[in-house]
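Scroll down for the structure; my scribbles are underneath it.
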Amino acid sequence: MADFVEVVTVEDLTRRVSELGQQLSDDYADRVPVMIGVLNGCVPFMADLVRAMEIDVAVDFLSLTRFDGSGRVGMALDAGVPLGGRDVILVEDIVDTGLTLVTLRKMLGLHEIASLATVALLDKAPRRIVEVPVEYRGFEVGDEFLIGYGLDWNHSYRNAKSLWAVMDLSVLQSDADAFAPFAYPASV
Ligand code: IMP
């Protein structure tokens, strides 16, 4: 079996992100939502999603610190846009166990916001360990480790244009460059 399998092509990403942008534009037609991207994985998705929207939006980001092992997360950077009374849309690359999203929703709930929804490009539903609403999702995926279009392996490959599943993680563990020919085919 191949070590890396493309699971979402550039064409599928473009089509689905544009559908999500249209749906958000319809649902928030009379409002100016604050789109808050969860760094760093949201970057390509966020950039494409806001440009697929046909309404005005505010854009902000936050980043998380992860406490290895315990699964607890903390918010390292508070959002800069004042959130009181605003409709907030969290933009996530992927919801996996759900722990990150639960923590974020709790923290954002402390601000007196008008509404809160999440748009996640990917939903790894089989790995969920806490129940958490995901109002908008791009694709449901299995439990393979994914890289590309924002998702990384040790801080690499976030700029690969499409999404790939790593079928055997030991390949990357022993050679972090093994995915480069797939991520950057023009350089081969
Ligand atoms: P959760 O708290 O388990 O839902 O974790 C979500 C975060 O884990 C995402 O925002 C990603 O940063 C990371 N993550 C989860 N699955 C993957 C994956 O398959 N590839 C790369 N990063 C992942």
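Nothing in this text is a laboratory measurement; each read-out follows from the coordinates by a stated rule. From a predicted model like this one, the values you see are computed outputs, not experimental measurements. When we count neighbours, we look across all protein chains shown, and the Cβ atoms used for this are built from the backbone with ideal geometry, even at glycine.
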What three numbers, in Å, describe the spread of the alpha carbons of segment 114-175 along their principal axes, ordered from the longest? 47, 24, 17
Which residue fluctuates most in the GNM of the chain (Cα springs below 10 Å): Val134, Val171, Val17? Val171
Which helices pass in the chain if a helix is a full DSSP H run, must span at least 20 angstrom along its long axis by Cα, and must have mean Kyte-Doolittle hydropathy not below 0.5? none
Ranking Val81, Val57 by Cβ neighbours within 10 Å, fewest first, what do you get? Val81, Val57
A student applying the Cα gyration tensor rule (rounded when a/c is under 1.5; otherwise prolate if a/b is larger than b/c, oblate if not) would label segment 1-145 oblate
Of all DSSP beta bridges in the chain, antiparallel share, percent nearest 5: 40
Value of [θ]222 nm, deg cm²/dmol, for the chain, DSSP H segments ≥ 4, -39500 (n - 2.57) each, nearest 500: -7500 deg cm²/dmol
Determine the relative contact order of the chain: mean sequence separation of Cα pairs under 8 Å and six or more apart, normalised by residue count, in whole percent. 23
Using Cβ contacts closer than 10 Å as the measure, can you line up Leu20, Leu108 from fewest to most? Leu108, Leu20
Would you order Met167, Met46 from fewest to most other beta-carbon atoms within 10 Å of each residue's own beta-carbon? Met167, Met46
